[in-house]
Amino acid sequence: MPGMLSTVGVVGAGTIGAGVAESFAAAGLKVVLIDVGLAQLENALHRIRNSLRAMRLTNPTDTPENVGDVLGRIHVTTNLSALSSVDYVVENVFEDRALKLEIFGELDRICPAGCILAVNTSAVPVAHVAAATRRPELVIGVHFMNPVAKKRTVEVIRGALTGDDTLRQTLAVLERIGKQAVVVGDGPGFVSNRVLMLTVNESMRVVEDGVSDAHNVDKIFRECFGHPMGPLETADLIGLDTILATLDVLVDLTHDQKFDACPLLRTMVRDGYLGRKSGRGFFKYE
């Protein structure tokens, strides 16, 4: 399949979905990008255009193609039925378990037999999503990190029923777009977010308790531990609404209160402080 792969469906045109669409289109593949409204799709194309232009400025030898040529391979639509002839699908909607299950039921009905359905999720187990389909052996987790275009590694989650060929084809697809995979087992949060969300949430509690401000929390992680970004800057990049949704999913699925979201986080999301996407989170952004 990877050698014959020509068209990829990308469901969800938010920050991650736009980055996924960009990565596939930049690798020469046709992309069908889907979201619920034209405004979201226009915003996604705007983000992709800016990302490609920035890439050409910083790495001109790695991006010889014109921006217009890459964008020309991305077809945007609000109609899921446009996925009736794609070769591979990556779903990237908001971290809402019920919504993902509903969408995968639709994808199973619409997509061709043999089409792999990849779920890009922060915390929902692949097995739960696969159960909403009649093709559980063709469902796999692909957890792309933000910003997708710059992150070379993808957390790949193999569900209990994910087939050997589905895993093999997914690794080949990722290699084609310049990504390497780290394959892990299934479970709420997998490796990345089962660990990261605890760190981010506890960092927020430190700020809430007045032990430190956000600047110094992140400075300790950067300068003492050598992390390129602190946990609160990372949270702002991911989106505080996504952090909150992920923590809520983890509490729901693990019944472990250690994942209970910090009250400060709930207040900030309620008040519209979502991080980079809104211009302000724990830090301010232009």
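The values are calculated or read from the model by the stated rules, or taken from the named source; none is laboratory data. The model shown is predicted, which means the values in this text are computed figures rather than measured ones. A quick note on method: Cβ atoms are made from the backbone with ideal geometry, for glycine too, and the neighbour counts reach across all protein chains shown. We work out accessible area using only protein heavy atoms, side chains counted, and drop any ligands, DNA or RNA first. Shrake-Rupley method; radii C 1.70, N 1.55, O 1.52, S 1.80 Å.
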Collect the residues in the range 182-203 that are touching an Asp or Glu at 6+ places or on another chain (Cβ under 8 Å) and in a strand (DSSP E or B), keeping them in residue-number order.
182, 184
Qualifying residue in the range 107-126 (condition: on the phi > 0 side of the Ramachandran plot and either hydrophobic (A, V, I, L, M, F, W, C) or open to solvent by 30 Å² or more (accessible area, probe 1.4 Å) (or both))
yes
Which of the residues belonging to the range 222-250 are farther than 23 Å from residue 12 by Cβ, part of a helix (DSSP H, G or I) and open to solvent by 40 Å² or more (accessible area, probe 1.4 Å)?
222, 223, 233
Within the range 251-262, can one find any residue that is in contact with a strand residue (DSSP E or B) (Cβ under 9 Å, 6 or more places away or on another chain), open to solvent by less than 40 Å² (accessible area, probe 1.4 Å) and not acidic (Asp, Glu)?
no
Take the range 234-268 and flag every residue that is in contact (Cβ under 8 Å) with a residue 24 or more places away in the chain and farther than 27 Å from residue 126 by Cα.
263, 264, 268
Which number in (1) assigned to a helix (DSSP H, G or I); (2) open to solvent by less than 10 Å² (accessible area, probe 1.4 Å) marks the one condition that residue 33 misses?
(1)
I'm told residue 96 meets every condition in (1) buried (at least 19 other Cβ atoms within 10 Å of the Cβ); (2) touching a residue at least 40 places away in the same chain (Cβ under 8 Å) except one. Can you identify the failing condition by its number?
(1)
Select from the range 71-86 the residues that are in a loop (DSSP other than H, G, I, E, B) and either among the small types (Gly, Ala, Ser) or within 19 Å of the chain's Cα centre (by Cα) (or both) and list them in ascending order.
72
Does any residue of the range 133-152 turn out to be open to solvent by 10 Å² or more (accessible area, probe 1.4 Å), among the β-branched types (Val, Ile, Thr), in contact (Cβ under 8 Å) with a residue 40 or more places away in the chain and in a loop (DSSP other than H, G, I, E, B)?
no
Do the conditions hold for residue 83, that is, is it among the aliphatic types (A, V, I, L, M) and open to solvent by 20 Å² or more (accessible area, probe 1.4 Å)?
no
Residue pairs within 7 Å by beta carbon, gap of at least six or interchain, first lying in the range 193-215 and touching a residue at least 40 places away in the same chain (Cβ under 8 Å) and closer than 24 Å to residue 122 by Cα, second open to solvent by 50 Å² or more (accessible area, probe 1.4 Å) and not charged (D, E, K, R), listed first then second, are 214/283
Looking at (1) closer than 22 Å to residue 28 by Cα; (2) in a loop (DSSP other than H, G, I, E, B), which one does residue 113 not meet, given that it meets all the others?
(1)
Residues in the range 153-179 that are open to solvent by 30 Å² or more (accessible area, probe 1.4 Å), of a type in the set (Gly, Ala, Ser) and under 20 Å from residue 100 (Cα atoms): how many?
1
Restricting attention to the range 39-70, the residues that are buried (at least 16 other Cβ atoms within 10 Å of the Cβ), of a type outside the set (Lys, Arg) and assigned to a helix (DSSP H, G or I) number exactly 11
